[in-house]
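A.B. asks: There's a structure below that I have some questions on.
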Amino acid sequence: MVHRIQPEIRSEIASCAMCHDAPCNGACNAFSPGRFLQALRLDDLDLAVSMLPEKGSCPDLDSQLAKAGQVCPMNVDLSRIVSYFSDNSSEFEGTQGYEDIDLSCDICGVRLENPFLLSSSVVCSNYEMCARAFEMGWAGVSFKTICLLDIHEASPRFSVTKSSSGQWSGFKNIEQLSDHSLEENMGIFRALKRNYPSKVIVASIMGRNEDEWTYLAKKVTEAGADVIELNFSCPNMEAKGTGSDVGQDPDACRRYTAAARRGSALPILAKMTPNITDICVPARASVESGANGIAAINTIKSITGVNVDTLVGLPSVHGRTMVGGYSGAAVKPIALRFMSELASDPALKGIHLSGMGGVYTWRDALEFLLMGASSIQVTTSVMEYGYRIIDDLKAGLQIYMAQRNYRSVSELVGLSLGSLVSNDSMERDTVVFPIVDKERCIGCGRCYISCRDGGHQALEWNPVERTVKLDGRKCVGCQLCSLVCPAEAILPSKRISRVGRVD
């Protein structure tokens, strides 16, 4: 069940800064408000509700919450949030038995303790980072891409697009590959395998020719990697014939996959670029030449914005910029589309799919699983909130599975693929009308404006009462009005036939 949080409460939650070592925790003896708010921010509502003190168990709860609010740097109204969820706790399904859910799965036959890995990027680029991630609960890392190039990065190299609440909606990077030497990276691999033998190291590699692909595959295998990921998709490379240039060329994918296979017997993932019309074409070429699975998607070529004062795109490096890779929440719909196409391709049936692109919450991860992924990789949300999000990724997925009696992650893989149909197969003979909840309606008229100027002029505005009335003869059930309503006061009716309907 999806609980409809009141918009004003959601806005209050979004104002939390998600502080490190949150001061509100130290000011409240009743429970940990910072952890509670983190769970809410990461869509772990059932877990958050389970953290609240039982009613009556803490007589001075109000004063405790007041103390916590006084030290909050963002002045979050914690009392209001706690009161709301306490009053509505019966609407949540609970968390009973979730800790008994086993999240173990595999990546190309290599065991994972849970489906969550860090994707190849700056978030897993040295020993200290990977070790800390492992200790916090990540099952594995796809280490930042190893190469034989001399990497020099630009500064700055990131820019973001933000939602109205200040959270990142999208993230652009112009970063390249690992700037450590091959020897340094191999030393990191050996140390990680020695100290964390149950964790999985995916070695992301990139060569400039077949010999380099073979050589790198051999070296990472000798250093203890469990899986090799072929970076056919980085959009930021200086060297021609590397990165996304490869992923757009099926013949190059075929040759370089075969070259890597000559250097190793380890499972191989080919990481695909979304900067292409049909992602399945290079994916098939990679599998035909020895890849055991596909990772998707890498970042999307983008320009996130322009400084209108300097007239330079972002990020600005000495007054210049470049097209870079876009990631974050904004790319998830695109990534899910590509994942569904890979999972539905008969030529790729049975291969492992490792999904990524906009995973912030357990629900995002679940959607990738339902669209065919068997493991999940994460970067941008870690850059924004840190490794700690693993707690909510795991708990949220476990709670969902416990509530619905799923016992294995593999049971979820691909369950939603059957809901995808072609355009000519879409049902178009019924309609779902909108219904206005008068108690929640705030009389803003946003629904009227959108229907009038972007819909079918099916809402009539009463300026005196500040209410709307539906004209069923004009309404086509597009639900635009419900999408723009800031109070979420417009709900769908029952689906009815268009033929012979009563207006």
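A.B. asks: Can you tell me which condition ILE107 does not meet? The list is (1) over 30 Å from GLY350 (Cβ atoms); (2) modelled with pLDDT of 95 or more; (3) not acidic (Asp, Glu), and all the others hold.
C.D. replies: In the conditions (1) over 30 Å from GLY350 (Cβ atoms); (2) modelled with pLDDT of 95 or more; (3) not acidic (Asp, Glu), ILE107 misses (1) alone.
A.B. asks: Continuing with this model, one more query. Return yes when ASN185 is in contact with a helix residue (DSSP H, G or I) (Cβ under 9 Å, 6 or more places away or on another chain), outside the structural domain of GLN38 (by TED's automatic domain parsing) and farther than 16 Å from SER142 by Cα and no when it is not.
C.D. replies: no
A.B. asks: Tell me which residues, restricted to the stretch 96-120, are in contact with a strand residue (DSSP E or B) (Cβ under 8 Å, 6 or more places away or on another chain) and among the hydroxyl-bearing types (Ser, Thr, Tyr).
C.D. replies: Those that are in contact with a strand residue (DSSP E or B) (Cβ under 8 Å, 6 or more places away or on another chain) and among the hydroxyl-bearing types (Ser, Thr, Tyr): SER104, SER119, SER120.
A.B. asks: Also, quick follow-up: Does GLY350 satisfy being farther than 16 Å from SER142 by Cβ, assigned by TED's automatic domain parsing to the domain that holds CYS124, without any contact (Cβ under 8 Å) to a residue 40 or more places away in the chain and within 13 Å of the chain's Cα centre (by Cα)?
C.D. replies: Judged against the criteria, GLY350 is not a match.
A.B. asks: Among the residues of the stretch 1-21, write down those that are assigned to a loop (DSSP other than H, G, I, E, B) and more than 20 Å from GLN70 (Cβ to Cβ).
C.D. replies: Answer for the stretch 1-21, where residues must be assigned to a loop (DSSP other than H, G, I, E, B) and more than 20 Å from GLN70 (Cβ to Cβ): MET1, VAL2, HIS3, ARG4, ILE5, GLN6.
A.B. asks: Quick one: which residue in ASP364, ASP309, ASP345 is among the acidic types (Asp, Glu), within 26 Å of ALA154 (Cβ to Cβ) and modelled with pLDDT of 95 or more?
C.D. replies: ASP309
A.B. asks: Only one of SER90, SER104 is without any contact (Cβ under 8 Å) to a residue 12 or more places away in the chain, among the small types (Gly, Ala, Ser) and surrounded by fewer than 17 Cβ atoms within 10 Å (Cβ to Cβ); which?
C.D. replies: SER90
A.B. asks: Same structure, new question: Report whether or not GLY94 is in contact with a Ser or Thr (Cβ under 8 Å, 6 or more places away or on another chain) and at pLDDT below 95.
C.D. replies: Considered against the rule, which asks whether it is in contact with a Ser or Thr (Cβ under 8 Å, 6 or more places away or on another chain) and at pLDDT below 95, GLY94 comes out as yes.
A.B. asks: Given the criteria part of a helix (DSSP H, G or I) and modelled with pLDDT under 95, does SER50 qualify?
C.D. replies: Against the criterion (part of a helix (DSSP H, G or I) and modelled with pLDDT under 95), SER50 does not qualify.
A.B. asks: Could you look through the stretch 457-472, keep only residues that are within 16 Å of SER493 (Cβ to Cβ) and at pLDDT 95 or above, and pick out the one that is surrounded by the fewest Cβ atoms within 10 Å (Cβ to Cβ)?
C.D. replies: Filtering first and then ranking leaves LYS469.
A.B. asks: I'd like the full set of residues that are farther than 18 Å from CYS234 by Cα, assigned to a loop (DSSP other than H, G, I, E, B) and either assigned by TED's automatic domain parsing to the domain that holds SER121 or not charged (D, E, K, R) (or both), limited to the stretch 292-314.
C.D. replies: ASN292, GLY305, VAL308, THR310, LEU311, LEU314 - these are the residues of the stretch 292-314 that are farther than 18 Å from CYS234 by Cα, assigned to a loop (DSSP other than H, G, I, E, B) and either assigned by TED's automatic domain parsing to the domain that holds SER121 or not charged (D, E, K, R) (or both).
A.B. asks: Moving to a separate point now. Just checking, which of ALA329, ALA373, ALA335, ALA295 is surrounded by 24 or more Cβ atoms within 10 Å (Cβ to Cβ) and over 19 Å from VAL141 (Cα atoms)?
C.D. replies: Of ALA329, ALA373, ALA335, ALA295, the one residue that is surrounded by 24 or more Cβ atoms within 10 Å (Cβ to Cβ) and over 19 Å from VAL141 (Cα atoms) is ALA335.
A.B. asks: Can I ask one more? Regarding the stretch 248-255, can at least one residue be identified that is surrounded by fewer than 24 Cβ atoms within 10 Å (Cβ to Cβ), touching a residue at least 12 places away in the same chain (Cβ under 8 Å) and either closer than 13 Å to VAL202 by Cα or in contact with a Cys (Cβ under 7 Å, 6 or more places away or on another chain) (or both)?
C.D. replies: Taking every residue of the stretch 248-255 in turn, none turns out to be surrounded by fewer than 24 Cβ atoms within 10 Å (Cβ to Cβ), touching a residue at least 12 places away in the same chain (Cβ under 8 Å) and either closer than 13 Å to VAL202 by Cα or in contact with a Cys (Cβ under 7 Å, 6 or more places away or on another chain) (or both).
A.B. asks: Does the stretch 139-174 hold any residues that are of a type in the set (Phe, Trp, Tyr) and either assigned to a loop (DSSP other than H, G, I, E, B) or crowded, with 24+ Cβ neighbours inside 10 Å (or both), and which are they?
C.D. replies: PHE143, PHE171, listed by residue number.
A.B. asks: Same structure again: Going by what's in this entry, would VAL464 be described as over 30 Å from SER11 (Cα atoms) and in a loop (DSSP other than H, G, I, E, B)?
C.D. replies: Against the criterion (over 30 Å from SER11 (Cα atoms) and in a loop (DSSP other than H, G, I, E, B)), VAL464 does not qualify.
A.B. asks: May I pose another question? Does at least one position in the stretch 227-241 carry a residue that is touching a helix residue (DSSP H, G or I) at 6+ places or on another chain (Cβ under 6 Å) and not hydrophobic (A, V, I, L, M, F, W, C)?
C.D. replies: Yes, because at least one residue in the stretch 227-241 is touching a helix residue (DSSP H, G or I) at 6+ places or on another chain (Cβ under 6 Å) and not hydrophobic (A, V, I, L, M, F, W, C).
The values are calculated or read from the model by the stated rules, or taken from the named source; none is laboratory data. Fair warning: this is a prediction, and the values are worked out from it, not measured in the lab. Cβ: placed from backbone, ideal geometry, glycine included. Neighbour counts: every protein chain shown.
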